[in-house]
Amino acid sequence: MRKLLVVLLSVFVNTYLISQDIDRSKAPKPGLAPEINIGSPAKFVLENGLKVFVVENHKLPTVSFQLTVDMDPVLEKGHVGLSSMMGDMLSAGTTTKTKSEIDQEIDFIGASFSTFSNGFYASSLTKHIDKVMSVASDVILNPAFPEEELEKKKKRALSGLKSVKTNADAISSRVGSALKFGKDHPYGEVQMKEDVENISIDLCKEYYKTYFRPNISYLVIVGDISLDKAKELSEKYFGSWEKADVPSHQYDFPIHEKGIRVAFVNKPGAVQSVISVFYPIKYKVGAPDQFEVSVMSNIFGGAFSSYLNANLREDKGYTYGARGYVSSDKLVGQFRAGASVRNEVTDSAVAEFLYEMNRIKNELVSDEDLNRIKNNMNGDFALSLERSQTIARFALNIERYDLPEDYYQNYLSNLQKVDKEAVQRAAEKYIDPDNCVILVVGNEELAETLTKFDADGEIEFFDINGDPRIKKEKKPLPEGLTAEQVINDYLMAITGKNNLKDVAKVYKKIKSESILYTSTMEQQGQSFTMEMSFKTKAPNSFKAEVKAMGMVFQKTVFNGVSGGEMNMQTGKKDFTQEEIEEQKAENHIDQELKLKELGFALKLLSIEEHNGSDAYKIELTSPTGEVFYELYDVNSKLKVQEMKYEDGPDGNKVLTFQNFSDYKKVKNLMYPHTVLNNFGSMEFEMKIKSIEINSKFDSDEFDW
């Protein structure tokens, strides 16, 4: 087993809690709601119907502009993702400028500009507002939708779709939306490969022409600008935007389940289950009971100190975090709750979700919980008022959702009126533990433990696209087959030999390897090439480097005795004694030939499906206790995948894997010439550029 290293650069965010010398054993009682004075933005309407809101703030010499096109959600059958693609394409070029020219103009003045499916956002220094508005106007009024840019974006979208199957959270969101709203609803559509391929320039142009109209749009201007200047710029750059009738759309309300429905998506090898509990509700923005619902939602699962998090994280230790919300929407509101938990506590965690749903519904909350959450919400609201964008957002919400003019003016006083009885009334109306969908994405072996929750005792199985599937019976392993034999078959397959004695002779002739991979990646619309080199020298010296743009981003070196890692983000670090022992076992060219000798424990687990073919799954445990999994194709005998679970930035386990394909012979050994790497939702493909056997290395090549 010559284990190729995947070097992935990750940014970890550290959160610091600042303690204060106060008594935290009791939540402070909420005082009287303070009087607040929310300034009203100036607003005017252009002749074409564009509504403009202006919030003056002259503290800093900056201005931001946000355009919102307020169309109804659109069903995109056959080309799901069209609206998002069209929005991205708006800034891909106009009838007068290329994408590169647009980017250069924005970068030159240090501004920011981005487009979306429903408008744009831009910001700049006050002195550059004419230039920014000129670019924004050109993009919105004269988009060219260049074919070559669409092909680039479609390629990125297809790459993103490929990574979905390895990301349990993405699968849960995708399937959850389909089950919650139905695939015939705009919120429940699932994007497929064919949808992306079907998106065309003509469809983008038609969508833009139909929906991007000023008479259903809002322009919000915030910052160091006068009302007169805002009027001048709005008229100058958007006054010629032609208005037109825009179609409206209505959809049937999604079905609210009767009874508990348990749905399961298999993710082979998963060590965690992603649990989601959900259903649609009739709850619109600005509903009469919005304040009591917001308080109830935060007590139940929205806050860090909520029922759910205190139970599943603090008390049970099942997860790093559990959350639950009741959310409003102008079309369909929803209840949703979820967490990622360890395999062995999946059914117990589901039981706790239902317990907390029943608890908030059937029991009065305590004074302490009520006061703490109301104080938190008071503080969050007060802090939000420090931002000028908040005032603009309030005005926009009042206009879009037909809220009372004093809705936000009375926010705190209305919040203070919420009592325990009001919280329970909200829970009785919107929390429904007896009629919901419980979706679990995880190892299918756990599915049967969830039968007890399902109303009819029958769990439904779905694929990653939300389509029903029949649970496949696991194929039995051939009698007498061992993990050692699977690996021996692999060694004979890559050497072309019929016995291990001849395999050993092949490896004996290999004293060193030098393998260079290249990978083309994209970041912020720019593509660049990474080079990954792997050098190994018998018995176990090793060096790996990742280079891009002429710089070494990461390096790992081991000379058989000592070594370490260098990372541009974290600096230089020597290996610990445990890491030295790992390197000693990992870096042998003929590692698979002497796994037992090196102290590895092997276990043949099952037959799994991999890219449409059967593969033997083996669990390997290193001498230091590191566990990883490998798949070997039943027919070709070749290794097709290697998997491992790493600690992710949020503390949860993240699946990392490599898919090996395109095996070709180099000298007397078969090497995979394509390696697809995945770290959570990040995916990139490596192609072999060169392989050298028995290369000559400098004497200091493996010095640290």
Task: Relative contact order (%) - criterion: Cα under 8 Å, at least six apart; region: the chain - done: 14 percent
TODO: Please name whichever of 466, 482, 453 sits farthest to the positive end of the charge dipole of segment 446-494, dipole taken about the Cα centre and charges placed at Cβ: Lys and Arg +1, Asp and Glu -1.
DONE: 482
Open item on the list: Would you work out the Kirkwood radius for segment 513-598? I mean one over the mean of 1/r across all pairs of different Cα atoms, in Å.
Closed with: 14.3 Å
Open item on the list: Taking R0 as 60 Å, what FRET efficiency do you get between residue 410 and residue 605 from their Cβ-Cβ distance, rounded to the nearest 0.05?
Closed with: 0.45
- [ ] Keeping the other protein chains in place, figure out the carbon and sulfur percent of the accessible area of segment 256-393, with a 1.4 Å probe.
- [x] 47 percent
Open item on the list: Averaging the inverse of every distinct alpha carbon separation and then flipping it gives the Kirkwood radius. What is it for segment 310-356, in angstrom units?
Closed with: 11.6 Å
TODO: Jot down the radius of gyration and Dmax of segment 524-679, Cα atoms only, both in angstrom.
DONE: 17.0, 49
Open item on the list: Treating only the Cβ of Lys, Arg, Asp and Glu as charged (+1, +1, -1, -1), what charge dipole size does segment 146-194 show about its Cα centre? Round to the nearest 20 debye.
Closed with: 240 debye
Task: Whole-Hz ³J(HN,Hα) from phi, Karplus 6.51 cos²θ - 1.76 cosθ + 1.60, for segment 612-626, glycine and proline x - done: x, 10, 7, 9, 7, 9, 10, 9, 10, 10, 6, x, 9, x, 6
Task: Coarse-grained scattering of segment 339-475 at q = 0.13, 0.14, 0.16 Å⁻¹, given as base-10 log I(q)/I(0) from a Debye sum over alpha-carbon atoms - done: -0.84, -0.90, -0.98
- [ ] Kindly report the accessible area of the chain per residue (heavy atoms of protein chains, probe 1.4 Å, no ligands, DNA or RNA), in Å².
- [x] 49 Å²
TODO: Hey, could you grab the Kirkwood Rh for segment 463-576? Inverse mean 1/r over distinct alpha carbon pairs, Å, one decimal.
DONE: 18.8 Å
TODO: Output ³J(HN,Hα) for segment 375-381: one whole-Hz value per residue in order, computed from phi by the Karplus curve 6.51 cos²θ - 1.76 cosθ + 1.60 with θ = phi - 60°, and x for Gly and Pro.
DONE: 5, 4, 5, 4, x, 4, 5
- [ ] Restrict the search to segment 370-475; then list the trypsin sites (Lys or Arg not before Pro) that DSSP places in a loop and that have at most 16 other Cβ atoms within 10 Å of their Cβ.
- [x] 387, 417, 469, 471, 472, 474
Open item on the list: Given a 1.4 angstrom probe, I'd like the percentage of the accessible area of segment 45-161 that is carbon and sulfur, rounded to a whole number.
Closed with: 52 percent
- [ ] Quick one: dipole size for segment 325-397, taken about the Cα centre, charges +1 on Lys/Arg Cβ and -1 on Asp/Glu Cβ, in debye to the nearest 20.
- [x] 400 debye
- [ ] Starting from the Cα of residue 505, draw a straight line to each of the aspartates and glutamates and keep only those under 15 Å, dropping any in the same chain fewer than 8 residues away.
- [x] 590, 592
Task: Dipole magnitude (debye, nearest 20) for segment 400-500, charges at Cβ of Lys, Arg, Asp, Glu - done: 340 debye
TODO: Could you tell me whether segment 261-406 comes out rounded, prolate or oblate from its Cα gyration tensor? Rule is a ≥ b ≥ c as square roots of the eigenvalues, rounded for a/c under 1.5, then prolate if a/b exceeds b/c, otherwise oblate.
DONE: prolate
Open item on the list: Limiting things to C-alpha atoms, what are the Rg and the maximum Cα-Cα separation (Dmax) for the chain, in angstroms?
Closed with: 29.3, 88
- [ ] May I ask which residue of 340, 570, 115 lies farthest towards the positive end of the charge dipole of the chain, with charges of +1 (Lys, Arg) and -1 (Asp, Glu) on Cβ and the Cα centre as origin?
- [x] 570
TODO: Output the pairs from 330/417; 162/596; 474/509; 51/165 with a Cα-Cα distance over 31 Å in this structure; if there are none, say none.
DONE: 162/596; 474/509; 51/165
Open item on the list: Can you classify segment 174-232 as rounded, prolate or oblate using the Cα gyration tensor, where a ≥ b ≥ c are the square roots of its eigenvalues, rounded means a/c under 1.5, and otherwise it's prolate if a/b beats b/c and oblate if not?
Closed with: prolate
Task: segment 32-109: GluC sites (Glu not before Pro) falling in loop per DSSP and having at most 10 other Cβ within 10 Å - done: 35, 47
Open item on the list: Using only DSSP helix segments of four residues or longer, with each worth -39500 (n - 2.57), what per-residue ellipticity at 222 nm results for the chain after dividing by its residue count and rounding to 500?
Closed with: -8500 deg cm²/dmol
TODO: Could you list which residues have their amide H under 5 Å from that of residue 553, counting only those 5 or more apart in sequence or on another chain, with H placed in the peptide plane?
DONE: 546, 547, 548
Task: Hull shadow area, averaged, segment 279-333 [alpha-carbon convex hull, nm²] - done: 4.0 nm²
TODO: Considering the options 550, 268, 82, tell which one lies farthest towards the positive end of the dipole of the chain, charges being +1 on Lys and Arg and -1 on Asp and Glu at the Cβ, about the Cα centre.
DONE: 550
TODO: For segment 369-440, build the convex hull from the C-alpha positions and give me its volume per residue in Å³.
DONE: 172 Å³
- [ ] Just flag the trypsin sites (Lys or Arg not before Pro) in segment 313-363 sitting in loop per DSSP whose Cβ has no more than 15 other Cβ atoms within 10 Å.
- [x] 316, 330
TODO: Label segment 203-307 by shape, choosing from rounded, prolate and oblate, from the square roots a ≥ b ≥ c of the eigenvalues of the Cα gyration tensor; if a/c is under 1.5 it is rounded, and otherwise prolate applies when a/b is larger than b/c, oblate when it is not.
DONE: prolate
Open item on the list: Using only Cα atoms and rounding to the nearest 10 degrees, what angle (0 to 90) does helix 420-430 make with the longest principal axis of the chain?
Closed with: 70 degrees
Open item on the list: As a test of understanding, state the convex hull volume per residue of segment 101-233 from its alpha carbons, in Å³.
Closed with: 165 Å³
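The values are calculated or read from the model by the stated rules, or taken from the named source; none is laboratory data. On a predicted model such as this, the values are computed, not experimentally measured, just so you know. Here Cβ is always computed from backbone atoms with ideal geometry, including for glycine, and neighbour counts include all displayed protein chains. The protein model used for the area step is the full one, side chains on, heavy atoms only, and it has no ligands, DNA or RNA in it. Shrake-Rupley method; radii C 1.70, N 1.55, O 1.52, S 1.80 Å.
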